[in-house]
Amino acid sequence: MPWSGIKNPYRIWISEIILQQTRVKQGWDYYLRFIERFPDICSLASANEDEVLKYWEGLGYYSRARNLLKAAKQIEELHGGKFPNTYADIISLPGIGPYTAAAISSFAFGLSYPVLDGNVLRVISRYTSNDGDILSQSTKKEMLKYLQEVFKKVEDPAVFNQAIMNFGAMQCVPSSPECGECIMCKNCKAYEEGIVNMLPVKIKKIKKKKRYFSYFDLEDEAGNRLIFRRDKQDIWQGLYEFLMVESKVLKTLSDAEITKTFDESQIKIKGKITLTKVHEYKHQLTHQTIIAKVYALKCKKIKESGDEMLIANSLSGYAFPRLLDLYLQENKVNYD
Ligand code: SF4
């Protein structure tokens with residue numbers, strides 16, 4: 001992996017943030033492109049949010065990208081552009097929680113802070129035969145306390161953290177680990193008790209909320225489209241989309257209803273709106289399922305849009321949510 005063994009705190013930070021909710025295989029290219037465009041704190045801090053989001057487009061959880069930008073600006077202001085080297089300063093940066101702070105502190109600065117990711121929680125839960133719910137804060141605290149005791153004897157925190165994460169990923173795997181060949185089996189309590197496959201315990205279930213979006217992709221004869229930036233505190237904040245209406249159910253709208261939607265949004269159009277096709281998408285987020293219809297529409301001319309809207313001739317340079325990205329690609333819209 002391009003970030004393996006690096007000591008540069010900026011690069012460790014970027015890789016850890018990417019890996020928070022992204023698989024290594026998918027995150028790899030994003031990391032390389034991001035680092036090439038923003039090689040240091042200064043280049044990131046002086047970037048604009050649209051560009052940072054464009055480099056993040058497709059990775060999801062866009063608050064990560066917005067927080068990277070905020071944190072880079074904070075480092076410039078409070079630390080003169082130098083990445084802070086204490087756990088307290090690192091964890092005070094936007095978007096950095098205990099896990100990421102421990103990873104940067106130990107990997108970049110050799111500080112004694114144990115990391116506690118899913119792999120580590122699994123290893124500790126089995127090794128100590130702890131049947132607490134690893135998604136609960138109390139069990140996490142208990143395991144952190146255990147590791148802090150272990151760390152008193154650890155000489156190289158970076159090596160230890162990397163080793164235990166790799167051990168969880170490669171040896172003490174979620175289902176049916178080969179315990180007979182494990183170097184830890186003599187002291188592993190779950191193995192001794194024969195309950196390896198019952199651990200770790202995860203109780204919390206995520207309830208997904210369903211949301212219904214109707215998008216209106218209106219294109220005029222000159223190839224102009226209406227887009228606007230999602231500025232509200234909600235999913236996809238800072239990304240662009242077409243005119244959108246959220247509803248409690250998703251019905252197919254008639255031509256009259258579509259025209260009414262544009263009238264109500266104070267968009268001035270020359271000529272009749274013609275529907276060419278309705279596309280349907282389903283997009284899963286961690287806590288939400290988005291069910292969407294995208295109405296592909298044509299008109300003679302888009303004359304004026306409301307305050308928040310843009311009339312764009314080319315969509316390149318604007319970052320869209322995954323769902324619309326798919327629509328644009330499928331329909332070969334000028335977009336990169
Ligand atoms: S013996 Fe099995 S459960 Fe215990 S640490 Fe090794 S792989 Fe994990």
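The values are calculated or read from the model by the stated rules, or taken from the named source; none is laboratory data. Not measured: the values here are computed from a predicted model. Backbone-built Cβ (ideal geometry, glycine too); neighbour counts: all protein chains shown. Only protein heavy atoms, including side chains, enter the accessible area calculation; ligands, DNA and RNA are left aside. Shrake-Rupley method; radii C 1.70, N 1.55, O 1.52, S 1.80 Å.
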**OP:** May I ask you to work out the translational diffusion coefficient for the chain at 37 °C, viscosity 0.692 mPa s, via Stokes-Einstein with Rh from the Kirkwood sum over Cα pairs, reported in whole µm²/s?
**Re:** 143 µm²/s
Subject >> Value of relative contact order over the chain, rounded to a whole percent, pairs C-alpha under 8 Å and six or more apart >> reply: 15 percent
**OP:** Show that you can apply the helix-only estimate: for the chain, add -39,500 (n - 2.57) for every DSSP H stretch of four or more residues, divide by all residues, and state [θ] at 222 nm to the nearest 500.
**Re:** -12000 deg cm²/dmol
Original post:
Non-local amide H neighbours of residue 320 (under 5 Å, H modeled in plane, Pro and chain starts lacking H): which ones?
Top reply: 240
Subject >> Debye log10 I(q)/I(0) at q = 0.11 Å⁻¹ for segment 81-179, Cα point scatterers >> reply: -0.34
Original post:
Can you give the Kirkwood hydrodynamic radius of segment 9-109 from its Cα pairs, in Å with one decimal?
Top reply: 13.4 Å
**OP:** State the volume of the convex hull built on the alpha-carbon positions of segment 98-239, expressed per residue in Å³ and rounded to an integer.
**Re:** 198 Å³
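Carbon and sulfur atoms: what percent of the 1.4 Å accessible area of segment 209-330 do they account for?
Carbon plus sulfur share of accessible area: 48 percent.
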Original post:
In whole Hz, what ³J(HN,Hα) sequence does segment 226-239 give by Karplus (6.51, -1.76, 1.60; θ = phi - 60°), x for Gly and Pro?
Top reply: 9, 9, 8, 8, 7, 9, 6, 6, 7, 4, 6, 4, x, 8
Subject >> Accessible area expressed per residue, the chain, with surrounding protein chains retained (probe 1.4 Å, Å²) >> reply: 54 Å²
**OP:** Taking the Cα centre of the chain as origin, work out the dipole magnitude from +1 charges on Lys and Arg Cβ and -1 charges on Asp and Glu Cβ, in debye rounded to 20.
**Re:** 800 debye
Subject >> Carbon plus sulfur fraction of accessible area for segment 9-109, probe 1.4 Å, in percent >> reply: 51 percent
**OP:** Using only Cα atoms, figure out Rg for segment 194-336 and give it as a multiple of 2.2 N^0.38 Å.
**Re:** 1.27
Subject >> Residue (of 69, 30, 94) at the positive-pole extreme of segment 1-104, dipole from beta-carbon charges >> reply: 30
**OP:** Any of 260/300; 25/204; 210/282; 209/282 with alpha carbons more than 19 Å apart? Name them for me.
**Re:** 25/204
Original post:
With a sphere of radius 11 Å drawn around the Cβ of residue 75, what net charge do the other residues whose Cβ falls strictly inside it have (Lys, Arg +1; Asp, Glu -1)?
Top reply: -1
Original post:
Which aspartates and glutamates have a Cα less than 17 Å from the Cα of residue 332, not counting those fewer than 8 places away in the same chain?
Top reply: 217, 219, 220, 221, 241, 280
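How large is the dipole of segment 123-181 about the Cα centre if only Lys and Arg carry +1 and Asp and Glu carry -1, each at its Cβ, rounded to the nearest 20 debye?
Charge dipole, segment 123-181, about its Cα centre: 240 debye, nearest 20.
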